[in-house]
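Down below is the structure, laid out as structure tokens.
Each value in this text was obtained by applying a stated rule to the coordinates, not by laboratory testing. All values reported here derive from a predicted model rather than from experimental measurement. No Cβ is skipped: glycine too gets one built from the backbone with ideal geometry, and neighbour counts run over all protein chains shown.
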Amino acid sequence: MEKNIGEIMKILVVGFPRSGTSLTYRIFEKHPQVKRMFFEKWVIKKSKTKEEFYNRFPIFSGGICGEKVICEKRVTGKIGKTNQTMVDYCLKWNDWFGKEAKIVQIIRYPFDALNSLVMSKNRFKRGPMFNLVYQEYLKFIPDYMVEISKIHNCKTIQYENLIEKPDETIKSLYKHCGLDPNFKFQEGIRKDRAYKFLRNDKLLFEYDDRIEGIINKLNKIKGVKFPHYDL
């Protein structure tokens with residue numbers, strides 16, 4: 001018997017570091033209908049053909065699977081080694097999985113995402129240093145966010161909505177990906193993480209006035225509404 005499309009969905013979660021991608025990953029990983037969610041394995045970069053991919057990741061051939069990746073550089077590989085961007089990765093996901101593919105993008109208020117990234121990089125030194133990631137963010141990443149939001153099967157959510165209205169937002173994510181929306185995600189979600197910068201009035205990185213333009217750009221995405229803040 002042919003499987004229903006909802007039984008073989010392929011879910012891709014994307015976002016800038018410290019924007020809630022790991023939380024979104026867990027929201028899907030813990031759903032009983034989801035067979036496996038990979039964590040930043042870049043699964044479709046590891047194979048040249050779909051046949052090779054399914055040999056490497058046979059779990060994708062049946063059941064609901066997916067992965068979470070982050071967009072912190074203008075390319076999806078070592079800088080200078082490839083021209084492939086996160087937008088390209090999303091489009092390839094759709095090309096390979098067709099009607100089975102779903103994309104979820106999560107976006108966070110720039111000040112909070114960047115502040116959180118500074119603190120994270122101070123604790124964990126692996127990966128690109130903050131100054132490099134910050135420059136990539138200012139020059140490239142928001143444009144990718146806008147382009148990804150335009151992909152027909154992408155649902156873009158605002159981190160703050162996920163934190164402040166978790167039940168409603170999680171239900172909408174499950175519906176988007178063909179999952180039972182009545183499943184209750186059990187993990188506690190701290191509402192005080194929403195717009196933390198506005199409350200603490202503390203900036204941990206050197207302000208660049210391009211951030212205001214980024215906020216304007218992100219606010220054009222359906223469902224996204226960030227406040228402006230007078231520094």
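Points to keep in mind about this one:
- Mean Cβ neighbour count within 10 Å, used as a protection proxy, ranking 88-94, 36-42, 8-14 highest first: 8-14, 88-94, 36-42
- Take 134-146, 206-218 and order them by the average number of nearby Cβ atoms within 10 Å per residue, most first; the result is 134-146, 206-218.
- Charge sum, other residues only, whose C-beta stays under 12 Å from Arg56's C-beta, Lys/Arg counted +1 and Asp/Glu -1: +3
- Straight-distance crosslink candidates among aspartates and glutamates, where the alpha carbon sits under 17 Å from Lys150 and sequence neighbours closer than 8 are dropped: Asp88, Asp95
- Cα-based convex hull volume of the stretch 7-218 per residue, rounded to whole Å³: 123 Å³
- Charge tally around Thr169: other residues with Cβ under 13 Å, Lys/Arg +1 each, Asp/Glu -1 each, net +1.
- Among 55-67, 15-27, the order from most to least packed when residues are scored by Cβ within 10 Å on average: 15-27, 55-67
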